[in-house]
Amino acid sequence: MFQPHAPNDFVTESGITGFVARFFAPEFHACRGQQPLWKVFWLYGVATSSVLIAIYVFAFYAESVALRQILVLCFAPYTAWILVSVWRCANNAHEQFWGMLARFLTVAWALNTIIIFVFVEINLITHFYLSY
């Protein structure tokens, strides 16, 4: 079940490291499986992905190849982080069914991401070489 972070955690550091640790503490805790599944899945997963996809669609219609490439490079580590976070937080679901469903969707999300990443990169590389 859900386990809050320990009081002697990395968030007690000082300086810039402490600021970054405190600022990203919820994300660090999600990656360690210490956040509720609903929060990680819906807020960090679905909502954040929707915003990134909306920005990518805007860049696509604006024909901004550079912005599209930057978004793809940002989406890769984000996806790795969210996949690990959802998988680890699946044990924090109120019912086992939701945790199992989240893990199934995580596998599907990973496979989909690989396929999309390959085709988007092929498109970006082709667009780059055809423009010169």
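The values are calculated or read from the model by the stated rules, or taken from the named source; none is laboratory data. Keep in mind it's a predicted model, so treat the numbers as computed, not measured. Virtual Cβ from ideal backbone geometry, glycine too; neighbours counted across all protein chains shown.
Could you tell me whether Ala110 is at pLDDT 95 or above, under 19 Å from the mean Cα position of the chain (by Cα), closer than 23 Å to Phe28 by Cα and small (Gly, Ala, Ser)?
Judged against the criteria, Ala110 is not a match.
Given the options Trp38, Trp42, Trp87, name the one that is of a type outside the set (Gly, Ala, Ser), at pLDDT 95 or above, loosely packed, with under 13 Cβ neighbours inside 10 Å and farther than 30 Å from Ser131 by Cα.
Result of the check over Trp38, Trp42, Trp87: Trp42.
Name the pairs whose Cβ atoms lie under 6 Å apart, with the first residue in region 1-29 and within 16 Å of Asn92 (Cβ to Cβ) and modelled with pLDDT of 80 or more, the second of a type in the set (Gly, Ala, Ser) and loosely packed, with under 13 Cβ neighbours inside 10 Å, and 6 or more positions between them or separate chains?
Between residues of region 1-29 that are within 16 Å of Asn92 (Cβ to Cβ) and modelled with pLDDT of 80 or more and residues that are of a type in the set (Gly, Ala, Ser) and loosely packed, with under 13 Cβ neighbours inside 10 Å, there is no close pair.
Name the pairs: first residue in region 113-129 and loosely packed, with under 13 Cβ neighbours inside 10 Å, second residue modelled with pLDDT of 90 or more and of a type outside the set (Lys, Arg), Cβ to Cβ under 6 Å, at least 6 apart or on different chains?
Between residues of region 113-129 that are loosely packed, with under 13 Cβ neighbours inside 10 Å and residues that are modelled with pLDDT of 90 or more and of a type outside the set (Lys, Arg), there is no close pair.
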